[in-house]
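Have a look at the structure below, then the notes.
Please treat every number below as a calculation from the coordinates, not as lab data. Just so it is clear, the structure is predicted and the values come from calculations on it, not from any experiment. Reconstructed Cβ throughout: ideal geometry from the backbone, glycine too, with neighbour counts over all protein chains shown.
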């Protein structure tokens, strides 16, 4: 299985996937930390967090997969949402919480 297949499987089989630097418990950059805080603020309980620092193939592969140059990257129900700046904007407008509710990953 090549790296694109691995990524496709991760985003298809998990409701919320965050490709980040570090882990939710120990983020390795401010942007990843912000992304984790936003998801927690929205009430997301289950997220597959993939540490791109642990695997260079994933680190480059996710950029190619999404055609997005930066990390973190958020996927909800297989759909690419964006990085921490987009997450912040969507959180502030209420759009992210609504998307997560519509996806059934947070309670009404």
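Taking label points 7 Å from Cα along the Cα-to-Cβ direction, residue 92 and residue 54 give a separation of 3.3 nm. When the P(r) is computed for the range 1-50, the part past 18 Å accounts for 33% of the Cα-Cα pairs.
Starting with the fewest neighbours, write out 64, 55 ranked by other beta-carbon atoms found within 10 Å of each beta-carbon. If you can, show how the numbers build up before the last one.
Working: 64 11, 55 14.
In order of increasing Cβ crowding within 10 Å: 64, 55.
Taking the fewest neighbouring Cβ atoms within 10 Å as the starting point, the ordered list for 26, 80, 65 is 26, 80, 65. In terms of other Cβ atoms within 10 Å, 1, 20 run from fewest to most in the order 1, 20. Counting Cα-Cα pairs of the range 3-102 in 5 Å increments starting at 0 gives whole-percent bin shares of 3, 14, 27, 28, 19, 8, 2.
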